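Each remark here refers to the structure printed beneath this line.
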Amino acid sequence: QVQLVESGGGPVEAGGSLRLSCAASVRAFSYSHLGWFRQAPGKEREFVAGMSWTGGFEYADSVKGRFTASRDNAKNSVYLQMDNLKPEDTAIYYCAVKPPLSPDYRYWGQGTQVTVSS
């Protein structure tokens with residue numbers, strides 16, 4: 001059974017940091033494309049960061065220079081280090097997995113709430 005479990009969210013003041021973690025029980029994790037997304041109240045879900053299995057990274061312009069994604073294939077885990085947080089970063093954050101040969105992110109976690117106060 002595929003399962004993704006996020007943790008590490010919570011309240012934080014503007015300028016602070018949080019580190020999100022996502023543990024995934026997914027086959028072929030090492031060869032999967034991994035991503036972080038977020039959804040703020042009243043808004044559509046948006047892309048935050050992505051990591052290819054070959055080591056490539058991409059970030060949304062709104063988080064470049066502040067967020068850093070990483071993965072640990074030995075632990076089937078993915079992380080999102082978030083620094084210099086802003087109130088507009090407040091959202092539910094989701095990790096996602098795009099398995100090999102899949103055109104889309106197929107597996108999603110349940111989400112973890114991040115709330116940044118000014």
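Sub-6 Å Cβ pairs linking a first residue in the range 67-82 that is β-branched (V, I, T) to a second residue that is assigned to a strand (DSSP E or B), at least 6 apart or interchain, are T68/Q81; V78/C22; V78/L34; V78/R71; V78/C95, ordered by first then second residue. Of all residue pairs spaced 6 or more apart or on separate chains, those with beta-carbon atoms under 7 Å, a first member in the range 107-118 that is in contact (Cβ under 8 Å) with a residue 60 or more places away in the chain and a second member that is open to solvent by 20 Å² or more (accessible area, probe 1.4 Å) and polar (S, T, N, Q) are T112/S7; V114/T90; T115/T90; V116/T90.
Has the range 77-91 got any residue that is of a type in the set (V, I, T) and within 18 Å of L4 (Cβ to Cβ)?
Yes, some residue in the range 77-91 is of a type in the set (V, I, T) and within 18 Å of L4 (Cβ to Cβ).
Residues in the range 53-69 that are at pLDDT 95 or above and surrounded by 15 or more Cβ atoms within 10 Å (Cβ to Cβ): Y59, A60, V63, R66, F67, T68, A69. If you go through the range 8-32 and keep only what is in a strand (DSSP E or B) and under 16 Å from the mean Cα position of the chain (by Cα), you end up with G10, L18, R19, L20, S21, C22, A23, A24, S25.
The values are calculated or read from the model by the stated rules, or taken from the named source; none is laboratory data. Just so it is clear, the structure is predicted and the values come from calculations on it, not from any experiment. A quick note on method: Cβ atoms are made from the backbone with ideal geometry, for glycine too, and the neighbour counts reach across all protein chains shown. Just the protein is used for accessible areas: all its heavy atoms, side chains included, with ligands, DNA and RNA removed. Shrake-Rupley method; radii C 1.70, N 1.55, O 1.52, S 1.80 Å.
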